[in-house]
1. Would you be able to tell me the number of residues in region 21-46 that are of a type in the set (Asp, Glu) and under 14 Å from Ile82 (Cα atoms)?
2. For region 1-24, give me the residue count where each residue is part of a loop (DSSP other than H, G, I, E, B) and of a type in the set (D, E, K, R).
3. Looking at Ile27, is it touching a residue at least 12 places away in the same chain (Cβ under 8 Å), in a strand (DSSP E or B) and farther than 15 Å from Glu90 by Cβ?
4. Are any residues in region 73-97 of a type outside the set (D, E, K, R) and under 17 Å from Pro13 (Cα atoms), and if so, which ones?
5. Residue check: is Glu19 touching a residue at least 12 places away in the same chain (Cβ under 8 Å) and of a type in the set (Asp, Glu)?
Amino acid sequence: MSLIKAGSLSQLPPGEMLELLHGERRIAICNVGGQLYAIDGVCPHRDGPLAQGALHGTAVVCPWHAWEFDCTTGQHDYNPSIKLEIFKVEVSGDDILVDVA
């Protein structure tokens, strides 16, 4: 397990997202009603930055062309063959930690 600090809970209110940059990797962290989820932060359509998009419930909407992914599963909303990688998220005190291994 390789936990990386992504930020703090105080930076990520419910209904919002933040982006973790780790090397060449972008990860979108979503707060859905107080539950945290993390998915690959790059849209496979045109490499849009997902964390800069919108979060509607569990749906992450790409800011560039409105592709949608479920942040709990990584699944694309219309094409089940498209699925983003998901990452385990832990909270320690106020720290949001993501397993990037």
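1. Narrowing region 21-46 to residues of a type in the set (Asp, Glu): 24, 40.
From the residues that got through so far, the ones that are under 14 Å from Ile82 (Cα atoms) too are 40.
So the answer is 1.
2. Within region 1-24, the first condition is being part of a loop (DSSP other than H, G, I, E, B), and the residues that meet it are 1-2, 12-16, 23-24.
Restricting the remaining residues to those that are of a type in the set (D, E, K, R) gives 16, 24.
Count: 2.
3. On the way: touching a residue at least 12 places away in the same chain (Cβ under 8 Å): yes; in a strand (DSSP E or B): yes; farther than 15 Å from Glu90 by Cβ: no.
No; evaluated as a whole, the condition is false for this residue.
4. So the first thing to find is which residues in region 73-97 are of a type outside the set (D, E, K, R), and the list is 73-76, 78-82, 84, 86-87, 89, 91-93, 96-97.
Hits for region 73-97 are Val89, Val91, Ser92, Gly93, Ile96, Leu97.
5. Details: touching a residue at least 12 places away in the same chain (Cβ under 8 Å): yes; of a type in the set (Asp, Glu): yes.
Considered against the rule, which asks whether it is touching a residue at least 12 places away in the same chain (Cβ under 8 Å) and of a type in the set (Asp, Glu), Glu19 comes out as yes.
Listed here are the residues, each with its yes/no results for (1) of a type in the set (S, T, N, Q); (2) at pLDDT below 95; (3) surrounded by 13 or more Cβ atoms within 10 Å (Cβ to Cβ).
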| residue | (1), (2), (3) |
| --- | --- |
| Met1 | no, yes, no |
| Gly7 | no, no, yes |
| Gly15 | no, no, yes |
| Leu20 | no, no, yes |
| Ile27 | no, no, yes |
| Cys30 | no, no, yes |
| Leu36 | no, no, yes |
| Asp47 | no, no, no |
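The values are calculated or read from the model by the stated rules, or taken from the named source; none is laboratory data. Fair warning: this is a prediction, and the values are worked out from it, not measured in the lab. Glycine gets a Cβ as well: all are built from the backbone with ideal geometry, and neighbour counts include every protein chain shown.
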